[in-house]
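In what follows, a structure is listed as structure tokens, so that the remarks can point back to it.
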Amino acid sequence: MQATGRRSLAAFLCLILGITLVAVPTSTRAQEQEPSPVRLQVSAGYDGTYRVSHWFPVNVTVSNDGPDIQGVIEWHFPGMRDNVTFKRVVDLPRGAQKRLVLNAFAKDFARAGEVRLVVDETIIVEERVRLVPIEIEQYVIGVVSGDSALLSSLASMKFNNRTSTTVTHLSPELLPEEAMALAGIDALFIHDITTTNLTPAQRAALELWISLGGQLVVSGGANAERTVPGLADLLPVTVEGLTADVTLASLGKMVPRERETLPTSATVSRVELQPDAQEVDDAGLIVTRSQGAGQVIFSRFDLNILRAWTGEPTLWARVIESSMSFEPGTLYRWRDDNLVQEVVQFPGLELPSFGILVLFILFYVVIIGPLNFLMLRRMRRSELAWITVPAIVLLFVGGTYGVGTLIRGNRPRVVQVAIVQGFENTTHAQATEFIGLFSPRRDTYTLTLTPDALVSQERLGWDNSAYASVVWTDGGTELRDLLVDVSSLRTAIAEHDVDVPFQVSSNLQRQQGEVRGEVQNLGSEPLPDAMIVYGSTQQRLGTLAPGAGHEVVLERNRGNFPGFSNSDDDEAMFNRRRILSILDEPDQFGRFGPNAPMGGLDDNGIYLLSWHEQPLSTVQIDGTAAPQDGLTLYVIRLNG
């Protein structure tokens, strides 16, 4: 009877266990299969590619079919220790669909990225995308076209200062709206797209990218009616219609070894050249015009007609340039460094000299030892040493703390060095702000910077968690949870477009190794401490008043730039001599690598430099205004 009862109990327990094993996974699977009301669509980089240490766009389309959500869209590189998380705050009411853009960069060769929606520290949905990293030494060509195979042959192009060439295809709606997010591309070909559909921000970013050194090639021919209207003011020609059966023999002269496979004729755009335009070939089928450090190229023929020609890569290698690009933030970002650390002369950051430390110790030893003993012996009260010694120690500790407080202060403060790259007769420019946050104590802060600034930061130690999060909000760009050690300077780099508060015009001519002419300040603001720089030569102008002009006479290679003496520089907050020296050092700015072009100012460029003793933008600490010292250097590239 007992055996029967035990068997019944065992059978009952087995039944319960079986039901549990079946029911729990079923319930779990049901939960896992329940679709999320939030959906993500992600497109990262330039058709999934990106250049290491350069900014690239991450386009996210998020839709919500569930209840209202307030959360954060995050982008990070899974499994990569030495990279930052980028975030954007988002409101998603029921039924909403929004397209957001985050800009990111990777210091290493990350081959995957991940976007997730986080609400109250809970991941609601996430999406992983594959990435293809591009080495810095490669030449990168972007093609904006409905033809996904167009110009693929250019991957065989060779430049003496580049290891190889990469061709990537982009969708026009995904073109970045920040010039720095385009900096990972060297040359951009535009074909068969309606350029009037570009947003004003995309158009402005494209124009600034060209001025900074980009190469823009616009297709003419049968597709000119779509490609030209939105970019007409940038082109070196005025397009007036089409002409049929025009010979392409002049292109064959540029690549004589491949002329046999060249199409004989094509329908091309009929054009009138702008005054500063130049024809590349004998027949003027390719026309170019310089703009800042870059150039705009117009092909009067449709880019598609050369796709079967074996000479296509050689032709374009002779037309587009592989020159250095002035990118102040790129190298510092790559090597975890910051310009402000090299030039700031902040008393709170300086350690006492060895001599002062020795004198302090000797003074302390003399007072607490012989002097204290002699005083008590003279008073015949040696037993008071139990009181005087601790008192002297406390006095020295308190005095040291007080002196340290006077030097460092008791509040965090911001120091900033900004370099603004501008161009003659324009007010739109690119700013790179090198920002330092000094704290008299170890603490964590939130910095609020210019809205939509592209912000990178120096790593603190070897722990990736020491990176602050970059969060874009409606109120500005925030660096959250930025840890600063005691009496230390934690740095960041902010890159963004700005409007220059003045305008410069010139009529400079180069003749027999000299530059002569006049430069004029057309704005309402004076240009203090102005100078003209050409190669290794400088001419100081002093303060250029509004409306005033100044004669320019520069002999090339005089060797007086950047070497100059200013006795006040040693006492100033920022060392201007060091900043100019860094501008002239070939490995400080621009792209880098064993074969890549490097450098700061272009040796063939003519620049106006002007110093402004004020920060370029306001930085808030924990939501409030903070003490701030700043210096802004305007670098205006002149025509000539």
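The values are calculated or read from the model by the stated rules, or taken from the named source; none is laboratory data. Note that the structure is predicted; figures quoted are calculated from it, not measured. Positions of Cβ are generated from backbone atoms using ideal geometry, with glycine treated the same way; all protein chains shown enter the neighbour counts.
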Here are some residues: Glu279, Glu258. Which one is among the acidic types (Asp, Glu), at pLDDT 95 or above and either surrounded by 16 or more Cβ atoms within 10 Å (Cβ to Cβ) or within 37 Å of the chain's Cα centre (by Cα) (or both)?
Glu279
What is the number of the single condition among (1) over 26 Å from Phe77 (Cα atoms); (2) in a strand (DSSP E or B); (3) polar (S, T, N, Q) that Thr168 does not meet?
(1)
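Here is a yes/no grid of residues against (1) modelled with pLDDT of 90 or more; (2) crowded, with 19+ Cβ neighbours inside 10 Å; (3) of a type in the set (Lys, Arg):
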{"position": "Leu394", "(1), (2), (3)": "no, no, no"}
{"position": "Thr400", "(1), (2), (3)": "no, no, no"}
{"position": "Leu406", "(1), (2), (3)": "no, no, no"}
{"position": "Val414", "(1), (2), (3)": "yes, yes, no"}
{"position": "Phe423", "(1), (2), (3)": "yes, yes, no"}
{"position": "Thr427", "(1), (2), (3)": "no, no, no"}
{"position": "Ser439", "(1), (2), (3)": "no, yes, no"}
{"position": "Arg442", "(1), (2), (3)": "no, no, yes"}
Check on Asn103, over 30 Å from Pro313 (Cβ atoms) and polar (S, T, N, Q):
yes
The lone condition Phe564 fails out of (1) among the aromatic types (Phe, Trp, Tyr); (2) farther than 28 Å from Gln295 by Cα; (3) modelled with pLDDT of 80 or more is (3)
Out of everything in segment 50-93 that is in a strand (DSSP E or B) and of a type in the set (Ser, Thr, Tyr), what residue ends up being nearest to Trp472 (Cα to Cα)?
Thr61
Cross-chain or 6+ apart pairs with Cβ under 6 Å, segment 512-524 first and closer than 19 Å to Gly605 by Cα, then outside any strand (DSSP E or B) and at pLDDT below 85:
Gly513/Arg556
Can you find a residue in segment 615-628 that is farther than 23 Å from Gln509 by Cα, among the aliphatic types (A, V, I, L, M) and surrounded by fewer than 20 Cβ atoms within 10 Å (Cβ to Cβ)?
yes
Give the number of residues within segment 199-224 that are in contact (Cβ under 8 Å) with a residue 40 or more places away in the chain and either of a type outside the set (A, V, I, L, M, F, W, C) or not assigned by TED's automatic domain parsing to the domain that holds Glu240 (or both).
9
Unique residue being of a type in the set (Val, Ile, Thr), over 24 Å from the mean Cα position of the chain (by Cα) and surrounded by 17 or more Cβ atoms within 10 Å (Cβ to Cβ) when the list is Ile124, Ile141, Ile134
Ile124
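Here is a yes/no grid of residues against (1) under 29 Å from Ile134 (Cα atoms); (2) crowded, with 23+ Cβ neighbours inside 10 Å; (3) modelled with pLDDT under 95; (4) not hydroxyl-bearing (Ser, Thr, Tyr):
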site	(1), (2), (3), (4)
Pro172	yes, no, yes, yes
Glu177	yes, no, yes, yes
Phe189	yes, yes, no, yes
Thr196	no, no, no, no
Ala201	yes, no, yes, yes
Leu206	yes, yes, no, yes
Gly220	no, yes, no, yes
Pro229	no, no, no, yes
Restrict the check to segment 180-198 and report whether at least one residue is in a helix (DSSP H, G or I), touching a residue at least 40 places away in the same chain (Cβ under 8 Å), more than 22 Å from Glu137 (Cα to Cα) and not basic (Lys, Arg).
no
Six or more apart or on different chains, Cβ under 6 Å: which pairs go from a residue in segment 63-77 that's in the same structural domain as Arg88 (by TED's automatic domain parsing) to one that's aromatic (Phe, Trp, Tyr)? Could you list them?
Trp75/Phe86
Determine if segment 227-244 includes at least one residue that is assigned to a helix (DSSP H, G or I) and without any contact (Cβ under 8 Å) to a residue 24 or more places away in the chain.
yes
